[in-house]
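A short worksheet on the structure shown next.
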Amino acid sequence: MHYNGPIVRPYTDADSLIIEVTVGCTHNKCIFCNFYKGIDFQIATIEQIEMDLKEASRLVPRDIKNVWASGGNPYALSVEKLTTIAKLIRKYFPQAIISMYARVDDLCRKTVEDMMHLKDLGIADIVVGIENGYDPALSYVNKGYRSADILEGCKRLEKAGVDYRIIYLGGLSGAGKGDLAAVASAKLLNRLHPYYMFMTTVAILPGTEIHVSAQNGEFEEATELERIKEFRMLIGELRNDMIIDSRSVANMVPFVAQIPRDKEKILHLLDKMIQDFSDKDEEAMHGRRSELLSV
Ligand code: SF4
């Protein structure tokens, strides 16, 4: 198997067959991200992909259900290229759902018809790191799109009937602005229908631009308590029907909840946490976060 760069995939997809389709990210400019530092975006050759599929087909059953197409945002590839890749994957694994990351601008560059066509070929599960719906934060961290683009891109997926998951990154607006991010994000998400939301919070990782900004005082990090309050406010405002999964390493309050079913239970848990939160908790959680070198 060929793996030429870091493999970044959701922890929920650990059992998928991982096939390298791209390496790196077409954007690679978000100031908090160190996933692909120093790595140029590359596209795996069709020969390499077929070689890996052949090898994998000797090791795993032909009827596997999930393939993770690896890379920061393989959905950036042209419809023609993705068509070739999807057909190849389905040649070896005819029942596989092909999952992959997409950036919001990748979605906005594809038509609903493109998305439907790719879905019919198995590219039917997209993971989008929207981060949040608060424009000042998106702009500050250099995401390269605005909340209106998130709405547009995700609506296209919905019109095409493509399932999608999103990633929410708490704390991204910095100290004192968690409420604004939560309200703006809820307003956006209540117009959308992702089936799953990974809910995590930003870690200020050494080697990133945001780390430099935090050190020179330009960016003031949200406290752990503020992050929990941001989650509480966001979940309280959400009317979506989806799973919320906050088990990432950078989040100190891990849970999985199906909303609306578990909403009251989770809100109660968060309220209790907020009420009992001590300086010691703040110190312990922040200490753990500041030791992270990657997420
Ligand atoms: S956060 Fe995502 S889009 Fe931004 S640079 Fe990292 S991989 Fe690329």
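All of the numbers you see were taken from the coordinates with simple rules; none came from a lab. Remember, it's a predicted structure, so these values are computed and weren't measured experimentally. Cβ: placed from backbone, ideal geometry, glycine included. Neighbour counts: every protein chain shown.
Structure notes:
- Per-selection Kirkwood Rh - region 35-109 (Cα, Å, 1 d.p.): 13.3 Å
- Under Karplus coefficients 6.51, -1.76 and 1.60, residue-wise ³J(HN,Hα) of region 216-222 in Hz, glycine/proline x: 8, x, 6, 10, 9, 5, 5
- From the C-alpha gyration tensor of the chain, square roots of 5λ in Å: 33, 21, 18
- Annotation: the residues D149, D63, D271, sorted from fewest to most other C-beta atoms within 10 Å of their own C-beta, follow the order D63, D271, D149.
- Cβ distances below 4.7 Å define possible disulfide partners, and in the chain the cysteines left without one are C25, C108, C154.
- Over the residues of the chain, the helix contribution to mean residue ellipticity at 222 nm works out to -12500 deg cm²/dmol, using -39500 (n - 2.57) for each DSSP H run of at least 4.
- Under 5 Å from the amide H of G129 lie the amide H atoms of A102, I167, each residue being 5 or more positions distant or on a separate chain, with H modelled from the backbone and absent for Pro and chain starts.
- Size of region 1-50 from its Cα atoms: along the principal axes, largest to smallest, the extents are 34, 26, 12 Å.
- Pairs beyond 25 Å (Cα-Cα), from K29/K119; K65/K91; K54/K110; K110/K229; K54/K87; K177/K272: K29/K119; K54/K110; K110/K229
- The Cβ shell under 10 Å around V202 holds other residues with a net charge of 0, Lys and Arg each +1, Asp and Glu each -1.
- Helices in the chain that qualify as membrane-span-like (whole DSSP H runs, Cα extent of at least 18 Å along the helix axis, mean Kyte-Doolittle hydropathy of -0.5 or higher) are 46-59, 79-92, 147-160, 224-237, 263-276.
- Long-range HN-HN contacts of Y196 with modeled amide H, under 5 Å: I166, I243
- Amide H contacts for M252 (H built 1.01 Å from N in the peptide plane; partners 5 or more residues away or on another chain; cut-off under 5 Å): none found.
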